[in-house]
1. Has segment 133-144 got any residue that is of a type outside the set (D, E, K, R) and more than 25 Å from S99 (Cβ to Cβ)?
2. Do you know which residues across segment 155-185 are surrounded by 14 or more Cβ atoms within 10 Å (Cβ to Cβ) and of a type in the set (S, T, N, Q)?
3. Evaluate the following for R126: is it surrounded by 19 or more Cβ atoms within 10 Å (Cβ to Cβ) and in contact with a Cys (Cβ under 7 Å, 6 or more places away or on another chain)?
4. Just checking, how many residues over segment 162-190 are touching a residue at least 60 places away in the same chain (Cβ under 8 Å), closer than 19 Å to Y136 by Cα and among the hydrophobic types (A, V, I, L, M, F, W, C)?
5. Considering each residue of segment 189-224, count those that are surrounded by 20 or more Cβ atoms within 10 Å (Cβ to Cβ) and not aliphatic (A, V, I, L, M), and give that number.
6. Report whether or not T204 is in contact with a strand residue (DSSP E or B) (Cβ under 9 Å, 6 or more places away or on another chain), closer than 15 Å to P162 by Cβ and in contact (Cβ under 8 Å) with a residue 12 or more places away in the chain.
7. Residues K63, K71, K85, K76: which one is over 22 Å from L196 (Cβ atoms), part of a helix (DSSP H, G or I) and modelled with pLDDT under 90?
Amino acid sequence: MAKSKNVSTKKKQPAKKKSSRKKQPQSLLPALLFLGLAAGLIAVLYLFFGHCPPPEKPTYQKKISSQSGAKKLTPKKPVAGIKKKSSPDSTAPTTTESSHLTIYRLSPDFSQTLSTTIPCNPDLTRTEKARRIIHYLTLPGERDQPPLPRATRLRTASFKAPLITIDLSGDVRKDLINSGANDEMLTVACLTHSLLASFPGFNTLQILIDGEKQKTLAGHIDISSPLGY
């Protein structure tokens, strides 16, 4: 009986050794498969990224360099001597105006008006001509009398046919404070007729005093609305 036990134990030991030897090759297969897959993945990545063109940085840099070297647009300066076209100046002289001015002044006894003509440069503007008329209406004379006080001056003038508008300084009232209706009427007549006779195409005159409309010059003759001959 003892011998049979020994034989059985001897037969079982080789079987264990054989089974251990068979399992070793099987444990290496996963590692080999993993290495093969990793190598394949690396090869694919290398092929993909190795043949991809680099990002187009040079083109972007070229655009930046071209923009930095480009000239900046600046507004053009107006050429000297060239003016923009504008609407016709109402104060500019026209071809229908003559080279002389008609002036109405008072007779020596202040009873009526007397007319006279004075030469004038036709190149003067209408405002300059109107200023010259007011100036002549204030000058003392030997054969006639000035209808306006010496200190009277023309502040502004506008010409919009058929109306002329003049703005006189308040000095125009100085000599008319204590005068009668006849003196005031002759003063207004000299002023109105001188301006309307010197500018063809205009037939009414609006008189302003210090920029505002006034009822009268000295309380007698209405000048709040345009006046005619």
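The values are calculated or read from the model by the stated rules, or taken from the named source; none is laboratory data. Owing to the predicted nature of the structure, the values given are computational and were not obtained by experimental measurement. Neighbour counts are summed over all protein chains in view; Cβ atoms, including those assigned to glycine, are modelled from backbone coordinates with ideal geometry.
1. yes
2. Scanning segment 155-185 gives T156, S158, T165, S169, S179.
3. Numbers: surrounded by 19 or more Cβ atoms within 10 Å (Cβ to Cβ): yes; in contact with a Cys (Cβ under 7 Å, 6 or more places away or on another chain): no.
No.
4. Selection size over segment 162-190: 3.
5. Adding up the residues that qualify gives 5.
6. Values: in contact with a strand residue (DSSP E or B) (Cβ under 9 Å, 6 or more places away or on another chain): yes; closer than 15 Å to P162 by Cβ: yes; in contact (Cβ under 8 Å) with a residue 12 or more places away in the chain: yes.
Yes; evaluated as a whole, the condition is true for this residue.
7. Working: K71 fails: part of a helix (DSSP H, G or I); K85 fails: part of a helix (DSSP H, G or I); K76 fails: part of a helix (DSSP H, G or I).
Unique residue meeting the criteria: K63.
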